[in-house]
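Below: the structure, in structure tokens.
Quick note: the coordinates plus some simple rules give every number you see, no bench work behind them. Please read these numbers as outputs of a predicted model, since none were measured by experiment. Reconstructed Cβ throughout: ideal geometry from the backbone, glycine too, with neighbour counts over all protein chains shown.
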Amino acid sequence: MRSQVCVVSWLSLGMFGLACDPANDDPGAGEADEAVISEDDRDDDVQDEDESAPVINPKLRPLATPDYRAYGPQRDVPVADLAGWTPCFTETYGPTRTAIFTILQACDKPNLMLACRPTGDDTFTVLAHAPRGAVLTDTGHSNAPTISNGTGWYFNEEWSWGFAAAGDPIDRNECDDNTETNSELRMCIPTANASTGLGFRCGDNFVYQDTWERVILQAD
């Protein structure tokens with residue numbers, strides 16, 4: 001009769017759905033039932049009968065790596081931190097040229113990031129990102145950028161392409177050469193004939209050599 005009492009006690013805890021005849025002629029059954037419940041209440045880790053099944057502590061489950069998101073231009077960002085972003089274009093600040101059309105064919109996802117660094121370095125000197133539409137809005141030759149995600153973006157295939165912190169003044173001649181306000185949070189790629197051009201700036205570094213590179217990354 002003790003096995004029936006145990007089953008009844010499990011049912012009372014709502015742990016199993018097995019049926020059992022509640023009739024019990026054993027005058028000591030109530031005491032046995034209380035003893036089983038008391039013992040189970042002291043056990044915080046009730047397991048199935050299969051003792052070979054692994055028990056996973058939810059506190060030890062690995063967390064999914066979140067995609068990188070940041071508001072406004074950022075300095076000194078390790079490449080390893082850019083979860084969810086994939087490089088789609090890389091070019092040095094030297095004399096190489098690439099058609100904008102070719103770049104945008106390779107970088108066709110909804111979010112774009114402009115970044116730059118010493119060539120091959122594992123940390124980006126400066127970067128910023130925003131939805132594709134903001135990064136590629138044609139601003140002509142003006143100093144009035146498109147504001148998105150804490151960043152002022154400018155783009156024109158015959159002048160320059162880059163960013164500064166939102167609200168900071170921009171002086172495009174043809175690239176932005178402003179050094180008075182948050183110079184380290186600026187990046188500019190000169191453009192001409194619908195292609196990239198030589199130089200120009202990565203933060204407050206004005207460079208024209210292959211020892212520096214500009215990188216475009218993309219994300220869904």
Q | Amide H contacts of S148 (H built 1.01 Å from N, under 5 Å, at least 5 apart or other chain) | A | W153
Q: Compute the signed sum of charges (Lys and Arg +1, Asp and Glu -1) over the other residues within less than 10 Å, Cβ to Cβ, of T179.
A: -4
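Local charge sum around G203 (other residues, Cβ-Cβ under 14 Å, Lys/Arg +1, Asp/Glu -1)? Don't skip to the answer; put the middle values down first.
Working: positive: R75, R117, R186, R201, R214; negative: D76, D121, D168, D176, D177, E184, D204, E213.
The answer is -3.
If you add up the charges near G162, with Lys and Arg at +1 and Asp and Glu at -1, over every other residue whose beta carbon is less than 10 angstrom from its beta carbon, what do you get?
Numbers: positive: R172, R186, R201, R214; negative: D176.
It works out to a net charge of +3.
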(Q) Quick check: pseudo-label points 7 Å beyond the Cα along Cα→Cβ at T181 and T102, how many nm apart are they? (A) 3.6
